[in-house]
Structures are given as C-alpha cells and as structure tokens.
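So the structure is just underneath, and the comments pick up after that.
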Amino acid sequence: MGRAPLSLCRKVQGRALGSSGMARALLPLLLVIVLIIETQCKNDTEALKHIVHNKFITGRIIVKREDRCQNGEYSSGVQCCKKCNRGFVKNISCPTDINKHCVPCKNGKEYIHHENDLEECMRCSSCDSILGLEVAKNCTPEQNTECTCAKNYFCNSSVPCGHCNPCTICESGVIEKQCTSTSDTVCGMKETGLQWWATALMIMVVLLPIAGAIFWYKRKWKNRTRKENLNEVVLKAVASYENVPLIHRDIDLSSHVAEIVEEMTLQQVKTFVRNHKVPEPIIDQTIRDYLNDTSEQKIKLFQVWYQRHGMKGAYVNLIRSLREFKMCAAADKIEEKLKAAVSSCQEGGQSHGDDTEQSKTCTEESRKILLSVDSADLSKTCSSSFEET
C-alpha cells in the first residue's frame, strides 16, 4: 500500500521535467522570431522617413522655382512662361515672347479681358432685340459686348440684365418721372381745382334739372329719332358708294402698299402700326435699317403690320382704324386709290363680257357691306370724318 503512492509521485515528476525541457527548446525559436519582426519594423520606419524627406526636398525645389517666376509669368514645372496680355491668347504651350507667341482675338467676335495663359478666346455676347435689348458698347478683343435696354424698355436689376420690360404707359397722362433704362415710369394723378366730391356735387346741382329734361325729351322721341338718323346715315353712305366698284373685304393689299403709305406721313404710319400691337423694338429697328429713306421706312413698317394681320379683313381694318385715329383725309384718299385700282381690274374683266351683271353685283354687294355694319360704327365713322373736315 505504501509503494503505490510513491510510484505515482515519480511519474508526475517525470512528466513535469519533460514539459520544462520542451519549453527550453522552444525559447531560442521565439527569440529568433521576435528579432526578425523588430528588424522588419526598423526597415519600414527608415523607408518612411526617406520618402517624407524626399517629398520635402522636392517641395522646396518647386517653391524655389515658382519664386523665380516674375510678375506676368507662370511656371510650367520646368521653366517660367509669359502670360499673354488682354485681347491675346497663346499659340504655343509655353510662351517666352508675347510678341511672337501670343495671337489676337477676332475683333467683334471674340474677346479676353485679363492676362491669361489660355489657348482660345471667349465668344462675344449678343443683345437680343426681342428681349428689349440693344447694344451699348460693341465687342472688342479686350472687352465683351455691353447691352442696355432699348427705348421704352427698362430693367431695374443692379447686375447686367438679360431681359427688359416695357415701360408703363400712364393712363392719366400725367408722368411724374420718365422711364429710363434702369427704372419704370412713375405716373401721377390729374390735378383738379376742387376735390372730386365737390366737383361731383356741383355737377349734380347744376345739371340735374337739365339732365331730367333731356331724358324726358329723348324718351319721347327715341324711336322716331333713331329711325330718322339710321336712314339718313345709310342713305348717305350708300349714295357715296353708289357709283364706286366693289372693294372686297379680303382684298390683297401687298401690291398696293406703296400707294397706301404715299397718302400717310411717317408719323401716321408709326401711330397706326403701334396701335396695332407692332412691338416698339421692331419699329425702331426698321427706322434704323432705312435711316435716310422715309418712303422705305413707311413701306417696311406697313408690311410688318400686314404680315402680322394677314389678308383677311385687312382692308376694312385699315380704313376703319384710320378714321378712328382721326386720319380721315388719308383714309378717303386711300379708299379712292384702291377703288380706282379695283375698278381698273374690273374694266379689264368687262372686256370679256358680263359687265352689266358684274356692275349690278358690285352695287348690291356694296349695299350689303354698308348695311351689315353696325349703325353705331357708321355714326362714329361719319362723325369722325365730319370733325376732321
């Protein structure tokens, strides 16, 4: 019994001595591995230091090289190159003589407004008349085009404006401040000697009895007066057209433009086209295009209106508008010319026969046209003609 524990203790001691022996054998191997790792880390550190040092040296060299370039030059990495002056760009990669190696921009088409090392000029801007713009300064090799608002247009922006707005037209007729290229029209109110309520009171007190008497009289004789006036106007109008050939509502005016504008002044033509919504920039551009030829200005302005309006109803609109604008003398002369032209055309057609039937048709159609016009319009037209005469 006493020997068994003793043998067991000896076995345990033998195993412990074996384990310590293995540890002693592995220790040198561990030391070698640690030494290798330490050496590799040291080499990497030295390589990193060398890279940083090289970059620092290279940076100092580049800075010194850039410091050598003078004002008006730039570094290409190897040498200093000359910058081209305003209005010029380089024609080689590194100019050394601006007189030889810089070429000018195309006048009126390209520009460059600063010292540069560019190879191409910038294109000049254009001023679009449709947007209400016109040229303030033409483009040069050293400066871009400068635009401003055209006449009767404004833009209140502090930066160069790309679109101008039409100036306000004062309905009261009182202008406190004229429209400029940077500010709109400032309208005022009509001044009266008395306050509006005092004026209205005076009118009521003075005119109320008179208005009552007139109203009573008009009510009594309303139907009779209306019938007499309408008959008189229609009879006069038909009489004036009785012996005149038919003027069609849709007559082609394109071949009669010169004859029409011959009876109108330039100001009358401008007033006519302006009241028919022809844009102001187009009117101004047409005047500038034919600056010393008044006849051509009138023809071109009238053609602009006719192209926008079209043939349908153009003749009636022309004559009626001239009378409304108090140009009755011009309207009468134009009417006579066009009737003569159509009459001449009809006479040419009568040589082939049917002259009696055509004359009858013209007269009947003239009556229909006159009678189809509203009586109020006829009265207004006739009264306008009478006032001008």
Hits in segment 284-343 (condition: of a type in the set (A, V, I, L, M, F, W, C) and over 20 Å from residue 265 (Cβ atoms)): 311, 314, 316, 340, 341, 342
Sole residue being outside the structural domain of residue 285 (by TED's automatic domain parsing), over 30 Å from residue 286 (Cα atoms) and at pLDDT 95 or above, chosen from 141, 104: 104
Any chance residue 173 is modelled with pLDDT of 60 or more and among the small types (Gly, Ala, Ser): yes
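To keep it simple, each residue is scored yes or no on (1) over 26 Å from the mean Cα position of the chain (by Cα); (2) at negative phi; (3) assigned to a loop (DSSP other than H, G, I, E, B).
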residue	(1), (2), (3)
86	yes, yes, yes
89	yes, yes, no
96	yes, yes, yes
107	no, yes, yes
114	yes, yes, yes
119	yes, yes, yes
Tally of residues being under 27 Å from residue 342 (Cβ atoms) and of a type in the set (D, E, K, R) across segment 249-281: 6
Cross-chain or 6+ apart pairs with Cβ under 6 Å, segment 80-94 first and free of Cβ contacts under 8 Å to residues at least 12 places away in the same chain, then surrounded by fewer than 20 Cβ atoms within 10 Å (Cβ to Cβ): 92/101
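Does segment 307-326 include one or more residues that are under 24 Å from residue 164 (Cβ atoms) and out of contact with any strand residue (DSSP E or B) (no Cβ under 7 Å at 6 or more places or on another chain)? So that I can check it myself, show each step before the final result.
Let us first name the residues in segment 307-326 that are under 24 Å from residue 164 (Cβ atoms), namely 308.
From what's left, out of contact with any strand residue (DSSP E or B) (no Cβ under 7 Å at 6 or more places or on another chain): 308.
Checking segment 307-326: at least one residue is under 24 Å from residue 164 (Cβ atoms) and out of contact with any strand residue (DSSP E or B) (no Cβ under 7 Å at 6 or more places or on another chain).
Among the residues of segment 302-311, is there at least one that is closer than 20 Å to residue 274 by Cβ, in contact (Cβ under 8 Å) with a residue 40 or more places away in the chain and more than 31 Å from the chain's Cα centre (by Cα)?
Residues of segment 302-311 that are closer than 20 Å to residue 274 by Cβ, as a first pass: 302-310.
From what's left, in contact (Cβ under 8 Å) with a residue 40 or more places away in the chain: 302-303, 306.
When the remaining residues are screened for being more than 31 Å from the chain's Cα centre (by Cα), the result is none.
No - not one qualifying residue is present in segment 302-311.
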Residue in segment 240-250 that is within 33 Å of the chain's Cα centre (by Cα), at pLDDT below 90, at negative phi and not aliphatic (A, V, I, L, M) present: no
Selection from segment 121-155 of residues that are of a type in the set (S, T, N, Q), over 23 Å from residue 278 (Cβ atoms), assigned to a strand (DSSP E or B) and without any contact (Cβ under 8 Å) to a residue 40 or more places away in the chain: 143
Positions within segment 149-160 being under 12 Å from residue 183 (Cβ atoms) and either crowded, with 20+ Cβ neighbours inside 10 Å or of a type in the set (Phe, Trp, Tyr) (or both), in sequence order: 149, 153, 154, 155
Residue count, segment 156-181 (criterion: touching a residue at least 24 places away in the same chain (Cβ under 8 Å) and either assigned to a helix (DSSP H, G or I) or touching a Gly at 6+ places or on another chain (Cβ under 8 Å) (or both)): 4
Qualifying residue in segment 188-204 (condition: within 29 Å of residue 284 (Cβ to Cβ), outside any helix (DSSP H, G or I), over 18 Å from the mean Cα position of the chain (by Cα) and at pLDDT below 90): yes
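The values are calculated or read from the model by the stated rules, or taken from the named source; none is laboratory data. In this text, all values refer to a predicted model and were calculated from it rather than measured experimentally. Quick reminder, even Gly has a Cβ in these numbers, built from the backbone with ideal geometry, and neighbours come from all protein chains shown.
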